[in-house]
Amino acid sequence: MSSYLAEARYGKDKVRVFRTVREGKIYHVVEYNVEVLLEGDLETRRATYTQADNSVVVATDSMKNITYYLAKISPHVLSAERFGLHLATHLVSKYAHIHKAFVTIEQLRWARITVDGKPHNHSFLRDGDERRIVKVQVDGSQGKDKLVGNVSAGISDLLVLKSTGSAFENFIRDEYTTLVEVDDRIFSTSVDLLYTFAPFEITAPKDEKKLDFGKEQIKGEGGLAAWEGIKVGESAREITLSVFATDESASVQATLYKMGQRLIKENTAVDRATYTLPNKHYIPVDMKYIGIDNTSPSLAEVFVPVSAPSGLISATVARVGA
Ligand SMILES: O=c1[nH]c(=O)c2[nH]c(=O)[nH]c2[nH]1
């Protein structure tokens with residue numbers, strides 16, 4: 001039976017980077033977990049996988065070093081979108097046989113501590129397990145002077161709960177149905193969101209050593225939005241939280257759709273948004289045995305948080321015509 005190498009991609013995962021940027025007495029900080037993967041002519045030029053020839057292999061250790069080097073010198077390091085674009089563009093520009101770079105960045109939360117009502121200059125707290133996610137792909141396979149950037153970004157593990165304003169009624173009732181219809185229930189989910197910008201053209205930096213990567217070098221609306229990704233990121237989080245809080249939810253599905261609709265409407269460069277929402281069930285405790293009604297929706301006050309199983313609702317909302 002014969003076989004061949006169908007696909008290959010390799011790199012470094014879990015490169016942990018913490019960076020400070022000083023602005024006088026004020027410090028800005030970011031913490032990233034970075035994954036860097038490369039694709040290229042690893043078989044046609046030298047048989048890396050099939051003949052154990054390492055002569056075209058950029059060591060994954062070097063990719064880690066490049067990540068730290070760019071974290072030191074990149075003017076874009078405080079934005080995960082910009083930093084990812086800079087890192088991926090640098091890798092594809094530097095190595096002739098590397099055609100695609102894939103950078104995934106997880107950004108951990110560090111919020112300023114408030115002291116006497118004022119944000120502190122250099123002290124921070126971890127205000128949640130939620131992470132920002134940025135995925136960048138830079139494709140140089142059509143030529144190193146025609147780099148194409150693809151950026152998607154979003155949120156992972158944003159845990160939310162509302163204690164009313166959620167119902168689930170009129171679903172299929174048949175021989176398998178035990179769930180009762182409720183016009184008032186707890187709705188809790190851990191939001192995963194990934195939104196995608198239109199692909200855009202990047203002009204590779206002319207001065208490799210300087211690694212200058214100016215705003216003017218990214219063409220197209222999607223590119224500029226990815227460049228200004230911090231704003232879209234803030235808007236996406238705010239829309240997600242505000243729709244979750246205010247929607248009179250008929251189902252997780254219906255609330256998810258409203259989130260996606262508003263995200264696309266208010267962020268003109270976002271083409272698609274995929275939400276994945278587990279339905280973390282809170283079940284009212286049955287106290288009929290002791291003569292107490294805790295299960296009628298309006299009287300339910302004591303609940304069991306159920307970690308498994310959970311519902312899982314996922315959908316992509318896309319811009320018409322994109
Ligand atoms: O919002 C919901 N959607 C469902 O599809 C579903 N199914 C279920 O058992 N509970 C819920 N809740």
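Screening E238 on (1) more than 16 Å from the ligand (Cβ to nearest atom); (2) in contact (Cβ under 8 Å) with a residue 40 or more places away in the chain shows it passes everything except condition (2). Only residues that are in contact with a Gly (Cβ under 7 Å, 6 or more places away or on another chain) and either surrounded by fewer than 14 Cβ atoms within 10 Å (Cβ to Cβ) or among the basic types (K, R) (or both) were counted across segment 101-127, and they come to 1.
Mind listing just one residue for me: the one in segment 6-24 that is closer than 16 Å to H99 by Cβ and open to solvent by 70 Å² or more (accessible area, probe 1.4 Å) and, of those, modelled with the lowest pLDDT? Only one residue tops the list, namely E7.
Going by what's in this entry, would A250 be described as among the small types (G, A, S), touching a Phe, Trp or Tyr at 6+ places or on another chain (Cβ under 9 Å), farther than 27 Å from V151 by Cβ and modelled with pLDDT of 95 or more?
yes
Candidates are the residues of segment 165-180 that are under 24 Å from V302 (Cα atoms) and assigned to a loop (DSSP other than H, G, I, E, B); the one that is farthest from the ligand (Cβ to nearest atom) is G165.
Based on this model, can you work out whether V77 counts as open to solvent by 50 Å² or more (accessible area, probe 1.4 Å), out of contact with any Pro (no Cβ under 9 Å at 6 or more places or on another chain) and outside the structural domain of L277 (by TED's automatic domain parsing)?
No.
Here G291 meets each of (1) small (G, A, S); (2) within 28 Å of Y257 (Cα to Cα); (3) out of contact with any strand residue (DSSP E or B) (no Cβ under 6 Å at 6 or more places or on another chain) with one exception, condition (2).
Taking segment 241-285 as the range and being in contact (Cβ under 8 Å) with a residue 40 or more places away in the chain, surrounded by fewer than 18 Cβ atoms within 10 Å (Cβ to Cβ), small (G, A, S) and more than 14 Å from S188 (Cβ to Cβ) as the test, only A250 passes. Within segment 293-322, residues that are over 18 Å from S188 (Cβ atoms) and open to solvent by 40 Å² or more (accessible area, probe 1.4 Å) sit with their Cβ atoms under 8 Å from residues that are assigned to a loop (DSSP other than H, G, I, E, B) and within 16 Å of the ligand (Cβ to nearest atom), at 6+ positions apart or across chains, in these pairs: S298/D184. Restricted to strands (runs of 3 or more DSSP E) entirely inside segment 86-156, those with at least 3 residues that are under 20 Å from the mean Cα position of the chain (by Cα) are 98-108, 131-139. Determine whether A269 is out of contact with any Pro (no Cβ under 7 Å at 6 or more places or on another chain) and either more than 16 Å from the ligand (Cβ to nearest atom) or hydroxyl-bearing (S, T, Y) (or both). In short, yes.
Yes/no per residue for (1) touching a residue at least 12 places away in the same chain (Cβ under 8 Å); (2) over 21 Å from G223 (Cβ atoms); (3) basic (K, R):
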| residue | (1), (2), (3) |
| --- | --- |
| N170 | no, yes, no |
| R173 | no, yes, yes |
| L179 | no, yes, no |
| D184 | yes, yes, no |
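Here F213 clears all of (1) modelled with pLDDT of 90 or more; (2) in contact with a Leu (Cβ under 9 Å, 6 or more places away or on another chain) except the condition numbered (1). Within segment 181-206, the residues that satisfy the criterion of being open to solvent by 70 Å² or more (accessible area, probe 1.4 Å), at pLDDT below 95 and assigned to a loop (DSSP other than H, G, I, E, B) are P199, K206. The lone criterion from (1) open to solvent by 50 Å² or more (accessible area, probe 1.4 Å); (2) assigned to a loop (DSSP other than H, G, I, E, B); (3) not aliphatic (A, V, I, L, M) left unmet by Y27 is number (2). Residue count for segment 265-306 satisfying the condition of being closer than 17 Å to Q253 by Cβ and hydrophobic (A, V, I, L, M, F, W, C): 2.
Scanning segment 91-142 for residues that are closer than 23 Å to A236 by Cα and among the β-branched types (V, I, T) turns up V103, T104, I105, I133, V134, V136.
The values are calculated or read from the model by the stated rules, or taken from the named source; none is laboratory data. These numbers come from a predicted model, not from an experiment. Neighbour counts run over all protein chains shown; Cβ positions are idealised from the backbone, glycine included. The protein model used for the area step is the full one, side chains on, heavy atoms only, and it has no ligands, DNA or RNA in it. Shrake-Rupley method; radii C 1.70, N 1.55, O 1.52, S 1.80 Å.
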